[in-house]
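Can you keep this structure in mind? I'll have questions shortly.
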Amino acid sequence: MIKEALSYKGTINRRAYIVSLITYFVLLFLVLFIFSRLSGVFFAILFLIVFSGLHVFLFGKGTKRCRDLGKTGWDQFSVRTWLLMVSKDKKVENKVTAE
C-alpha cells in the first residue's frame, strides 16, 4: 500500500490517498520545524523549493484521486470534493467506446 500511495501510476483508493495525506502533513511539519530554526537567503530559497515539491506531491495525489472518482483535477480545490475524496471509496470505471 505504501508503494501505491507514493506512485503516480494507476489508480488510488481511499486508504492510499489518506496515507498520502498523512505523509504530506508529517513532511510539512518536519520542513516547517527545521526551517523555522534556520535563517538566511539560502535557506529561504531552499524552503521554497522543498515547500513547492511537497505541494506538487499533494496536488498530484489529489488529481489522481479526483480522476478515479470521475471528477476533473481542478475539483480538488473545492472543500466539498475534498471531503468526498476522503470519504468515498467507490471508483468510477472509465467507459471506452469503440468507433
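If I go through the stretch 67-87 residue by residue, how many of them are under 15 Å from A16 (Cβ atoms) and touching a helix residue (DSSP H, G or I) at 6+ places or on another chain (Cβ under 7 Å)? Reasoning before the result, please.
Filtering the stretch 67-87 for residues under 15 Å from A16 (Cβ atoms) gives 67-69, 85-87.
Filter once more, keeping what is touching a helix residue (DSSP H, G or I) at 6+ places or on another chain (Cβ under 7 Å): 67, 69, 85-86.
Counting residues in the stretch 67-87 that are under 15 Å from A16 (Cβ atoms) and touching a helix residue (DSSP H, G or I) at 6+ places or on another chain (Cβ under 7 Å) gives 4.
Further, regarding this structure: Taking the criterion of being open to solvent by 30 Å² or more (accessible area, probe 1.4 Å), over 14 Å from the mean Cα position of the chain (by Cα) and among the aliphatic types (A, V, I, L, M), would at least one residue in the stretch 65-80 satisfy it?
Yes, because at least one residue in the stretch 65-80 is open to solvent by 30 Å² or more (accessible area, probe 1.4 Å), over 14 Å from the mean Cα position of the chain (by Cα) and among the aliphatic types (A, V, I, L, M).
Within the stretch 47-66, can you find the residues that are over 24 Å from R80 (Cα atoms) and touching a helix residue (DSSP H, G or I) at 6+ places or on another chain (Cβ under 9 Å)?
Passing the criteria: F47, V50, F51.
The values are calculated or read from the model by the stated rules, or taken from the named source; none is laboratory data. Since this is a predicted model, take the numbers as computed values, not measurements. We place every Cβ from the backbone using ideal geometry, glycine too, and count neighbours over all the protein chains shown. The protein model used for the area step is the full one, side chains on, heavy atoms only, and it has no ligands, DNA or RNA in it. Shrake-Rupley method; radii C 1.70, N 1.55, O 1.52, S 1.80 Å.
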